[in-house]
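Student: My questions all concern the structure below.
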Amino acid sequence: MKCPYCNEADTKVIDSRPAEDNSSIRRHRQCERCGKRFTTYEKLETMPLMVIKKDNSREAYDRSKIEAGIIQSCHKRPVSTQQINSVIDEIENRVFNMEEKEVPTSVIGELVMDKLKELDEVAYVRFASVYREFKDVNTFMEELAKLLKQ
């Protein structure tokens, strides 16, 4: 690491500890030439997760899109914000643990539906009706029949 004061390349680490956000490491360093001290932050560089949409276009993963869909499905249902955040965290963990650089929206959508089915059946049917693009009442009834069989 170069010294910001004299541009010397030789610096030593005096102290290392996790930063306040726990996503990086804070290092106190001292220049070997001028003796001045400075702080650096070291963070893991990751590739962004890309989502493959139905039309095969790609966009960066966005947690807020999952959150918006779940919140809309749970509108006026007895589901707390904490439960919603917990479901989103579980979905995110599953998606990121796949260790894929690209994930189809269909995979994410199915994970959301599985979690909503456990959380609240009405929210599940609401989400499924939009996600699966129910065209008529018969499609809607078929999904309800599947839900009742379980």
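Student: What lysines sit close enough to Lys135 to cross-link, taking a C-alpha to C-alpha distance under 18 Å and skipping anything fewer than 8 places away on the same chain?
Tutor: Lys135 reaches Lys54, Lys146.
Student: Follow-up. Give a quick list of chymotrypsin sites (Phe, Trp or Tyr not before Pro) in the stretch 1-86 that DSSP marks as loop, anything other than H, G, I, E or B, with at most 16 other Cβ atoms within 10 Å.
Tutor: Listed in order of number, the matching sites are Tyr5, Tyr61.
Student: Follow-up question, since we're still on this one. Have a look at Gln82, Gln30, Gln72 and tell me which one the Gaussian network model of the chain (Cα, springs below 10 Å) gives the largest fluctuation.
Tutor: It is Gln30.
Student: How large is Rg over Rh for the chain, taking Rg from the Cα atoms and Rh as the Kirkwood inverse mean of 1/r across Cα pairs?
Tutor: 1.24
Student: Same structure again: Which order do you get for Ile70, Ile25 if you rank them by accessible area with a 1.4 Å probe, largest at the top?
Tutor: Of Ile70, Ile25, the descending order of accessible area is Ile25, Ile70.
Student: Sticking with this structure for a sec: Remind me, relative contact order of the chain in percent, using alpha carbon pairs under 8 angstrom and six or more residues apart?
Tutor: With pairs under 8 Å counted, the relative contact order is 16 percent.
Student: I'd like the distance between the alpha-carbon centres of the stretch 5-39 and the stretch 61-129, rounded to an integer number of Å.
Tutor: If you average the Cα positions of each part, the centres end up 41 Å apart.
Student: Give me the percent of the accessible area of the stretch 38-139 that comes from carbon and sulfur atoms, probe 1.4 Å, all protein chains in place.
Tutor: Its accessible area is 50 percent carbon and sulfur atoms.
Student: Please give the solvent-accessible surface of Val122 in Å², to the nearest 10, using a probe radius of 1.4 Å with every protein chain present.
Tutor: 60
Student: Which whole-number value in Å² is the accessible area per residue of the chain, probe 1.4 Å?
Tutor: Spelled out: the 1.4 Å probe surface of the chain, per residue, equals 70 Å².
Student: So what is the 222 nm mean residue ellipticity for the chain from helices alone, if each DSSP H run of at least 4 adds -39500 (n - 2.57) and you divide by all residues, rounding to the nearest 500 deg cm²/dmol?
Tutor: -14500 deg cm²/dmol
The values are calculated or read from the model by the stated rules, or taken from the named source; none is laboratory data. These numbers were taken from a predicted model, which means no experiment stands behind them. Neighbour counts run over all protein chains shown; Cβ positions are idealised from the backbone, glycine included. To get the accessible areas, we keep the full protein, side chains included, count just its heavy atoms, and leave off ligands, DNA and RNA. Shrake-Rupley method; radii C 1.70, N 1.55, O 1.52, S 1.80 Å.
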